[in-house]
Amino acid sequence: MTPTSPALPDEQLSLQAAQAQVLRGDVAAAASTLEAAVAAHPESDELALALAGLAIQRGDRRGAERRLRGILQRAPGHLPAAFVLARLLREQGRMVAAGEVLTGACTASTASMEQRLTAVELLDDCGRQAQALQLCTDAFARGLDDPRLRAHAGALASQLGRFDEARLHQQAALAGSPLALEWHVPLGLAGLQRYRDRQHPDLALFEHYLARNDLSPHARSGLLFALGKACDDLGEHARAAAAWAEANRMVRERQPWNRKAWRRSVELRLARPAPPVQPDTGHDWTPIFIVGMPRSGSTLLAEQLARHPAVRHRGELPWLPTLAPRLDAIASDRERAAQMPLAAAAYTAQLVQDDAPARWYIDKQPHNDMHVDLILALFPQARVIHCRRNARDNALSLWMQSFHPGTQDFACDFADIAAVIHGTRRLMAHWQRRYPTAVREVRYEDLVADPAACIGALADWLGLPAAIPPVAPGQERAINTASLWQARQPVHSRSVQRWRAYAALLPELACMADD
């Protein structure tokens, strides 16, 4: 059990007094109140937790961590303290430490289902998918079952490449709750394999659910994307195109995208002068930014490079797209210059993290193509790889894929996709002219035609040894992009010129400007 005792009356008075002081803006007084109360009641976890929260508010991370670890030393299963500490560690890029805190607290406590779900989501956010999945399976072994936990387990097992296990969890989620359709669990099922038989039970399952008239647009669009994917695998192109067209129409109605705003953002980037470069602080590591359109081969390229033991692949980090507008909002050149080292340090913590050290670190966030000037100002030693794919193939691959709302909202309309491809290519041509030694283009078609030659040339450019050893069994990292299944298959060129199978069905593709 989590040993959290209720606060005594005078403890409650101290907590209420500190809260009132915080509301008045007197944080220093609140800290003094809580410190006096903790001195009087050193065994009070509630007071210590409040004081740790106040330390975080004041920017005292070290003091907050000390308080929180003190609570967990006294009460190893104190989940509220573990959650606060894990979030604090995550903000510092200490993902291994955050995973240890969460798994240790969950092991030492009788966590409620809601607490277990919170822990699983936090572990997933920290990139600790194997630990998150273990929490799920431990719960199932104890007879603690919940469709939400099953859905999480299915997604986590998929990311880790455990596709048979993922299928069992996803089926259990579907059987356990009608809300599994809202969670797009059928779409997760469709992504676990390449369908080769029209009699596969998944197709009947998708069509069974689609026959219902009580589905929300979100649930129906997910089922249509799943059905379209299955039909495409089977070569039923007309049925696939019809399903995707309906799915994208529904998504477009719920998630409008502003093409004019996109074009304005590109023009602003093109007109902006290069920012001042930060002094070289003698970094002995190199950040690698893989940018370009989604579905252009970036996951495949990143996974191939990450096979080298000196490379760490961090997935699609959100940090640069978050830091860039904050820096842009600073009006004073002097203040912005002062904030640049802090931004570099904040991003470095998220990229380097606290696992085994490496020499090269990959960030595969595609939207970093908007921030190449900032990247090379913060990290002069960085290397930027632009993945480029045949425009029509790229457009089709985007249009047939369901994305999380707010990520690639342009992908449900071919005209919008064409605008983003055009803008991205203008940006990358601009960056290559401005930074010719730091930016390199890789074409998807070359990568799949001769991966060894393509990766070997990149390895030379990056300074990596050309011979990349295979990943040892059981060491595969989690993949959390739409390519989580494809990226684990042998490299092939079947998707080159794939658009031609849909040319007669989707005239918008033929109208697109090709390479």
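Listed values, structure above:
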{"quantity": "Filtered residue count, region 73-111, keeping only those that are in contact with a Leu (Cβ under 9 Å, 6 or more places away or on another chain) and within 22 Å of residue 58 (Cα to Cα)", "calculated": "13"}
{"quantity": "Conditions (1) closer than 25 Å to residue 481 by Cβ; (2) of a type outside the set (Gly, Ala, Ser); (3) in a helix (DSSP H, G or I); (4) at pLDDT 95 or above: number failed by residue 304", "calculated": "(4)"}
{"quantity": "Residue that is surrounded by the fewest Cβ atoms within 10 Å (Cβ to Cβ), among those in region 154-170 that are hydrophobic (A, V, I, L, M, F, W, C) and in contact (Cβ under 8 Å) with a residue 24 or more places away in the chain", "calculated": "163"}
{"quantity": "Filter result (within 28 Å of residue 359 (Cα to Cα) and aromatic (Phe, Trp, Tyr)) within region 409-466", "calculated": "431, 435, 444, 461"}
{"quantity": "Contacts under 8 angstrom Cβ, first residue in region 354-373 being farther than 19 Å from residue 285 by Cβ, partner among the basic types (Lys, Arg) and assigned to a loop (DSSP other than H, G, I, E, B), 6 or more apart", "calculated": "373/272"}
{"quantity": "Verdict on residue 65 being part of a helix (DSSP H, G or I) and modelled with pLDDT of 95 or more", "calculated": "yes"}
{"quantity": "Region 5-37, subset modelled with pLDDT under 85 and not in a helix (DSSP H, G or I), residue surrounded by the fewest Cβ atoms within 10 Å (Cβ to Cβ)", "calculated": "6"}
{"quantity": "Filtered residues of region 123-134 (kept if part of a loop (DSSP other than H, G, I, E, B) and either among the hydroxyl-bearing types (Ser, Thr, Tyr) or in contact (Cβ under 8 Å) with a residue 40 or more places away in the chain (or both))", "calculated": "126, 127"}
{"quantity": "Hey, residue 2 under 34 Å from the mean Cα position of the chain (by Cα), modelled with pLDDT of 95 or more and among the hydroxyl-bearing types (Ser, Thr, Tyr) or not", "calculated": "no"}
{"quantity": "Of all residues making up region 446-470, the number that are among the charged types (D, E, K, R) and either crowded, with 19+ Cβ neighbours inside 10 Å or outside any helix (DSSP H, G or I) (or both)", "calculated": "1"}
{"quantity": "Tally, over region 136-169, of residues that are assigned to a helix (DSSP H, G or I) and either in contact with a Pro (Cβ under 8 Å, 6 or more places away or on another chain) or aliphatic (A, V, I, L, M) (or both)", "calculated": "10"}
{"quantity": "Among the candidates 376, 351, 323, residue that is under 16 Å from residue 127 (Cβ atoms), in contact (Cβ under 8 Å) with a residue 12 or more places away in the chain, among the aliphatic types (A, V, I, L, M) and in a helix (DSSP H, G or I)", "calculated": "351"}
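Quick grid of which residues meet (1) small (Gly, Ala, Ser); (2) in contact with a Lys or Arg (Cβ under 9 Å, 6 or more places away or on another chain); (3) surrounded by fewer than 21 Cβ atoms within 10 Å (Cβ to Cβ); (4) outside any helix (DSSP H, G or I):
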position: 43; (1), (2), (3), (4): no, yes, yes, yes
position: 69; (1), (2), (3), (4): no, no, yes, no
position: 81; (1), (2), (3), (4): yes, yes, no, no
position: 104; (1), (2), (3), (4): yes, no, yes, no
position: 107; (1), (2), (3), (4): no, no, yes, no
position: 110; (1), (2), (3), (4): no, no, yes, yes
position: 118; (1), (2), (3), (4): no, no, yes, no
position: 121; (1), (2), (3), (4): no, no, yes, no
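Residues are listed down the side, and each one gets a yes or a no for (1) closer than 29 Å to residue 212 by Cβ; (2) under 17 Å from the mean Cα position of the chain (by Cα); (3) surrounded by fewer than 19 Cβ atoms within 10 Å (Cβ to Cβ):
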residue: 115; (1), (2), (3): no, no, yes
residue: 125; (1), (2), (3): no, yes, yes
residue: 132; (1), (2), (3): no, yes, no
residue: 152; (1), (2), (3): yes, yes, no
residue: 181; (1), (2), (3): yes, no, no
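The values are calculated or read from the model by the stated rules, or taken from the named source; none is laboratory data. Keep in mind that what you see is a predicted model, and the values were worked out from it rather than measured. All Cβ positions, even for glycine, are placed from backbone atoms using ideal geometry, and neighbour counts span all protein chains on display.
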